[in-house]
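Just below is one structure, and these are the notes that go with it.
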Amino acid sequence: MFTNSSSSIVHKMNCKLNNNNIYIKREDLLPISFGGNKARKAELFFKEIEEKNFNCVVTYGSSSSNHCRVIANLAAANRIPCYIISPTDVSGITFNKKLMQLFNAKIIQCTTNEVKEKISSTLEELKDYGMNPYFIEGGGHGNIGTLAYLRAYQEILKYEKENSQFFDYIFHASGTGTTQAGLISGQILNKDERNIVGISIAREKARGEKVVLESVNAFLKEMNQEDITKNKIKFLDDYTLDGYGKFNDDILKIIKTVLVEDGIPLDSTYTGKAFWGMREYLKKESVSNKNVLFIHTGGTPLFFDRLEELPYE
Ligand SMILES: *Cc1c(COP(=O)(O)O)cnc(C)c1O
């Protein structure tokens, strides 16, 4: 159906948590637009745009959205207009926003409540102008995004085989749940058992779990596979703090530690929060002497939004 040309490396970290071996899959080093899970998904969206002759793209997200930055970059590269519906009430000045502007994305502002309506009116207007717009859900949610993470799961299996390794746990930041849905679909299709733990960055457990479940089942349906039940899904909301974008001093500390000890940038909205959540979880559940894989889902420009706030000692 689609081919994904990019893959990312796995390596062992210097940092140890609760005497576990921590490995990291560097999705942040994927080769386009500062990498990350949105870059992996976007490659597939743009393949479809090219194949089906769409001539502009519409999506939505806040000013800190990695998704919107990557889509704006690829639209500019492909010389097609990009329209971003952006809720003003959750937006500040960020490096991602500056990059979207640099890529000449047309940012259409509204309030969070108006997003849905704004999307349909924008799509209608573009069609009235004779354009053929391609719509992408926020965060690249949907079967195409899920497929992108099935591919990532296959890369993990390949790494394990080549290195005679097995990861007992896979942790990652979970937002719209698409990344997690892809990983779980990979696990189901390969019939292997391990803990895939999504650390929620905002959503409550009930909603997050439901969306991951629906995403997995929508994808498995397309692959003619049987449905799964929600007990296959581990979506933890213990580390969301007060919601999207909220962080604490422990998160800033761990971002600094990982940068110093491993030379890897994390951010306070997604990967730093998830890394901190992973550490807390491993302690709480007394997990030790296991091989643990953390998926670095990207967000490099977000690291710089917090640079001045990182602790000096
Ligand atoms: C969007 C995003 C996530 C969440 O991915 P979902 O597939 O929406 O769950 C995690 N990390 C980073 C850096 C992201 O940009």
Inset, instruction - With the cut-off at 18 Å, report for the range 82-165 the share of all Cα pairs above it, as a whole percent. - result: 61
Inset, instruction - For the range 75-180, please report how many Lys pairs fall under 25 Å Cα to Cα, leaving out neighbours fewer than 8 apart on the same chain. - result: 11
Inset, instruction - State the extension gain, in nm to one decimal, for the chain segment bounded by E261 and I228, taking 0.36 nm per residue of separation less the distance between their alpha-carbons. - result: 7.9 nm
Legend entry - Rg/Rg_ref, the range 1-84, where Rg_ref = 2.2 N^0.38 Å and atoms are Cα: 1.34
Inset, instruction - Give the Debye-formula value of log10 I(q)/I(0) at each listed q (0.07, 0.16 Å⁻¹), with one equal scatterer per alpha carbon of the chain, two decimals each. - result: -0.26, -1.42
Inset, instruction - Putting +1 on Lys and Arg Cβ atoms and -1 on Asp and Glu Cβ atoms, find which of I196, C82, C68 reaches farthest to the positive end of the dipole of the chain. - result: I196
Legend entry - Spherically averaged projected area of the range 217-259 from its Cα convex hull (nm²): 5.4
Legend entry - Net lengthening on full extension, E193/N291 (0.36 nm per residue, minus Cα-Cα): 33.9 nm
Inset, instruction - Distance from a point 7 Å along Cα→Cβ of I108 to each backbone N in the range 53-77: keep the residues under 14 Å and list them by number. - result: 56-61
Legend entry - Those lysines that a straight Cα-Cα span of less than 27 Å connects to K284, excepting residues fewer than 8 apart in one chain: K12, K16, K25, K205, K210, K230, K232, K234, K246, K253, K256, K273
Legend entry - the range 210-290 - charge dipole about Cα centre, Lys and Arg +1 at Cβ, Asp and Glu -1, debye rounded to 20: 160
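Can you give the Kirkwood hydrodynamic radius for the range 162-313, in Å, rounded to one decimal and based on Cα pairs?
16.2
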Legend entry - For T111, T179, order by how many other beta-carbon atoms lie within 10 Å, fewest first: T111, T179
Inset, instruction - With +1 on each Lys and Arg Cβ and -1 on each Asp and Glu Cβ, and nothing else charged, work out how big the dipole of the chain is about its Cα centre, in Debye to the nearest 20. - result: 360
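Coordinate-derived values only; no laboratory data. Keep in mind that what you see is a predicted model, and the values were worked out from it rather than measured. Because the Cβ atoms are built from the backbone with ideal geometry, glycine has one as well, and the counts that use them run over all protein chains shown.
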